[in-house]
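Student: So that we are looking at the same thing, I have put the structure below in structure tokens.
Laboratory data are not the source of any read-out in this text; all were calculated from the coordinates shown. Worth saying up front: this structure is predicted, and the values here are computed from it rather than measured. So basically every Cβ, Gly included, is an ideal-geometry build from the backbone, and we count neighbours across all protein chains shown.
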């Protein structure tokens with residue numbers, strides 16, 4: 001499982017010209033599910049992200065967590081995070097989980113985040129989405145966990 005975290009001052013996701021998820025200060029997460037990802041991977045990454053300290057304190061040091069600043073999460077499923085670009089001109093997506101498994105783990109991941117008392121907004125799985133963010137910092141961090149490593 002791979003998650004690209006972007007710290008944002010605001011983010012929204014639109015499907016068919018309708019806003020389906022919107023947050024203010026917090027994280028926009030692009031979530032890819034690997035074919036070997038497990039529920040334990042989802043739980044582990046949810047904890048890492050929920051407890052990450054990526055916001056500035058009064059001294060300007062990155063020392064505060066999402067809950068301490070009243071932040072939110074916009075979570076977007078994105079199988080293309082597992083694109084293999086080693087050969088040819090068109091990426092292969094054979095490392096991405098099948099849609100049924102991916103949707104199940106994506107939803108579990110979001111629910112694990114909610115267990116930390118965080119407002120989590122979502123895109124619509126397998127839909128064409130337009131994601132708008134205002135990156136803060138910019139701070140972008142890659143989290144990945146596969147096969148309990």
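Student: With the cut-off at 1.5 for a/c, could you classify segment 1-67 from its C-alpha gyration tensor as rounded, prolate or oblate? Display every interim value, and only then the final one.
Tutor: Numbers: a/c = 2.92, a/b = 1.13, b/c = 2.58.
Here segment 1-67 falls in the oblate category.
Student: Would you mind putting 69-78, 120-129 in packing order, based on average other-beta-carbon counts within 10 Å, highest first?
Tutor: Numbers: 69-78: 21.2, 120-129: 16.2.
Top to bottom by mean Cβ count within 10 Å: 69-78, 120-129.
Student: Taking Rh as the Kirkwood radius computed over C-alpha pairs, what is the Stokes-Einstein D of segment 2-144 at 4 °C in a medium of viscosity 1.567 mPa s, expressed in µm² per second?
Tutor: Details: Rh = 15.5 Å.
The Stokes-Einstein estimate is 83 µm²/s.
Student: Full extension from residue 86 to residue 125: what is 0.36 nm times the residue separation minus their Cα-Cα distance, to one decimal in nm?
Tutor: Values: separation 39, 0.36 × 39 = 14.04 nm, distance 2.69 nm.
Length gained between residue 86 and residue 125: 11.4 nm.
Student: Would you mind putting 51-60, 108-117 in packing order, based on average other-beta-carbon counts within 10 Å, highest first?
Tutor: Working: 51-60: 12.8, 108-117: 16.7.
Ranked by mean Cβ neighbours within 10 Å, highest first: 108-117, 51-60.
Student: Moving to a separate point now. Taking the DSSP beta bridges in segment 2-144 as the whole, what percent of them are antiparallel, to the nearest 5?
Tutor: On the way: 28 of 37 bridges.
Close to 75 percent.
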